[in-house]
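A short write-up of the structure that comes next.
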Amino acid sequence: MGISVRRQRLDIRCDRATHRLGDSSLPDRYEAIAPAGEGAFCEIWQIRDRQTGELHALKRLSEHRQQDNTAQQLLRNEVHVAQEVKSPHVVKVVGSNFECRRPYAILEWIEGSTLEEQLRAWGRFETAHAVWMARQCAQGLHDLAAAGFTHGDLKPANIILSPQGEVKLIDLGFAQPLGTCTDSYGHAVMLGTAEYMAPEAIVGRNEIAGAKDIYSLGVVLFRALTGRLPFPSDSTKEVLRLQREARPPILRRWCPTAPRELAALVGRMLAKHPIRRPANSRELVRDLIDIEIGCLPARCVD
């Protein structure tokens, strides 16, 4: 349920915003400030706690999705996982209500923009910046794994960067317990976004816990460094075929300035077989920290 949060002007009058928010059963302690984004199932509002002045994000089902069982389950799942995970790199949940007409979750408000928005604006990142971003994503994945979950839909639209460069992983609707690759009825499921989906996810296998998220982060890092996807195509079917069958492109062909250690790591992250990738998110964090340390002088110059 990828939501690309489009930051809008926040000079909309509060009384007008509250009227547009309508009947959400939101507690009186909160006031609506402005709409902040929308996706396939949900809409996002910026709200304020009248008692503390703190800003939060209200994520509620869209009007036409309020009776949609799948949409409700995705939102419930996001709340459940966010409550279980304690991490500075994973979005926090403040509260929720699934008994009202428009079920909603109240999340922390994250200043910044999605990685998708930044890549569309800038094309690609400098190497040091890209590694810094990826290391924080890997730490978020490690914290998810420590709580027993995979993210399930890691992509630039589900990564928010603050103005200070801090990373938060959002949209946990597709998160699953480690080792799970079936739905509640035991059927194999294919979850995620084609351009960032690991080969084994396409065929419903989950041989190594967390390996799919590592592959997805490899695609994210490749795009951040080069400005392109490793397997671009206008056809989703063709993208899925390439994910399963095609050898990943060599990073330094598209980013000649990338350190060899970084190129080797991205190549391992994009390995077709999970056993050839970094063993787990903890190992990946260590590898990225080593590369990040090597990039520190470059980042200081930037």
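The values are calculated or read from the model by the stated rules, or taken from the named source; none is laboratory data. Worth saying up front: this structure is predicted, and the values here are computed from it rather than measured. Because the Cβ atoms are built from the backbone with ideal geometry, glycine has one as well, and the counts that use them run over all protein chains shown.
Can Arg76 be described as over 27 Å from Ala34 (Cα atoms) and among the basic types (Lys, Arg)?
Here the answer is no, as Arg76 does not meet what is asked.
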Check on Asp23, within 27 Å of Arg120 (Cβ to Cβ), at pLDDT below 95 and over 22 Å from the mean Cα position of the chain (by Cα): no
Subset of region 200-224 [closer than 26 Å to Ala128 by Cβ and at pLDDT below 95]: Gly210
Tell me the residue from Val81, Val91 that is closer than 30 Å to Leu262 by Cα and in contact with a strand residue (DSSP E or B) (Cβ under 9 Å, 6 or more places away or on another chain), please. Val91
When you scan region 163-182, do you find a residue that is at pLDDT 90 or above, in a helix (DSSP H, G or I) and touching a Leu at 6+ places or on another chain (Cβ under 8 Å), even just one? no
Pull up region 97-110, narrow it to residues that are at pLDDT below 95 and charged (D, E, K, R), then point me to the one that is nearest to Met133 (Cα to Cα). Arg102
Go through (1) over 15 Å from the mean Cα position of the chain (by Cα); (2) small (Gly, Ala, Ser); (3) crowded, with 18+ Cβ neighbours inside 10 Å for Gly123 and report which single condition fails. (3)
In region 40-84, residues that are under 19 Å from Leu161 (Cα atoms) and either of a type in the set (Gly, Ala, Ser) or not in a strand (DSSP E or B) (or both) total 2
